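Enquirer: Provided herewith is a single structure, encoded as structure tokens, for subsequent inquiry.
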Amino acid sequence: MYLVSSNKLRSLLVLNLVGHVQVEELVRGRAEIESLLADFPPAFRLLSDLSSLASVDKDCLPEIGRVMELCDEKGVEFVVRVIPDPTKDIGLNILSLFHYPRRPRTVVCDNLAAALKLLDEQ
């Protein structure tokens with residue numbers, strides 16, 4: 001499952017990858033992200049939570065890259081990723097090199113509490 005939410009007052013887009021994620025879910029989610037970002041100011045922040053991720057189909061990687069490019073085009077300034085299990089890292093650092101030309105500041109946290117604290121400090 002792929003859940004998308006936002007908090008416009010905090011300029012925060014939140015992406016949750018839950019269970020086994022398939023490319024069809026990501027494609028539907030990208031449309032939702034486009035809609036949410038239409039009203040976002042530039043210099044927004046992105047929280048990607050992989051704490052409930054079981055697995056991702058390998059054909060999801062190009063779609064994840066498209067989402068990164070969309071966020072980059074819309075002005076993402078700060079990316080916080082929650083990846084408690086390093087074996088669940090799906091290559092986001094490598095994808096970032098190719099899909100975030102503006103190179104937003106990126107931090108990886110072990111848990112959601114640490115990620116939220118970091119976002120509150122920014």
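Enquirer: Could you give me the ³J(HN,Hα) list for region 76-84, computed from phi with Karplus coefficients 6.51, -1.76, 1.60 and θ = phi - 60°, whole Hz, x at Gly and Pro?
Expert: Computed from phi, the couplings for region 76-84 are 4, 10, 9, 10, 10, 10, 9, 9, x Hz.
Enquirer: Could you please state, rounded to a whole Å, how far the C-alpha centre of region 89-120 is from the C-alpha centre of region 1-15?
Expert: 15 Å
Enquirer: Then there is this: Name the long-range amide H neighbours of R81: under 5 Å, sequence gap of 5 or more, or other chain; modelled H, no Pro or chain starts.
Expert: Sorted by chain and number, the residues that satisfy this are S48, V107, V108, C109.
Enquirer: Count the net charge of all other residues whose Cβ sits under 11 Å from the Cβ of R81, scoring Lys and Arg as +1 and Asp and Glu as -1.
Expert: Counting the neighbours of R81, the net charge comes to -2.
Enquirer: If each residue of separation counts as 0.36 nm, what is the full-extension length gain between L116 and D39 once their alpha-carbon separation is subtracted?
Expert: Stretched fully, the L116-D39 segment lengthens by 25.5 nm.
Enquirer: For the chain, what is the relative contact order in percent, using Cα pairs closer than 8 Å and at least 6 residues apart in sequence?
Expert: 24 percent
Enquirer: Quick one: grab the alpha carbon gyration tensor of the chain, order the square roots of its eigenvalues as a ≥ b ≥ c, and give me rounded if a/c is under 1.5, else prolate or oblate depending on whether a/b is larger than b/c.
Expert: Rounded is the answer for the chain, as its axis ratio a/c remains below 1.5.
Enquirer: Taking the alpha-carbon centroid of each part, what is the distance from region 27-41 to region 57-76 in angstrom?
Expert: Here the answer is 12 Å between Cα centres.
Enquirer: Under 5 Å between amide H atoms, partner at least 5 residues away or on a different chain: which partners does L12 have, H built in plane at 1.01 Å?
Expert: Those qualifying (amide H under 5 Å, at least 5 residues apart or on another chain) are N7, R45.
Enquirer: Now a separate question. Only bridges with both residues in the chain count here: give the DSSP antiparallel percent, nearest 5.
Expert: 25 percent
Enquirer: Straight-line reach from K58: which lysines have a Cα under 19 Å away, not including same-chain ones fewer than 8 places off?
Expert: Within the straight-line limit of under 19 Å, K58 reaches these lysines: K88.
Every number in this text was worked out from the coordinates using simple rules, so none of it is lab data. The model shown is predicted, which means the values in this text are computed figures rather than measured ones. All Cβ positions, glycine included, derive from the backbone under ideal geometry; neighbour counts span all protein chains shown.
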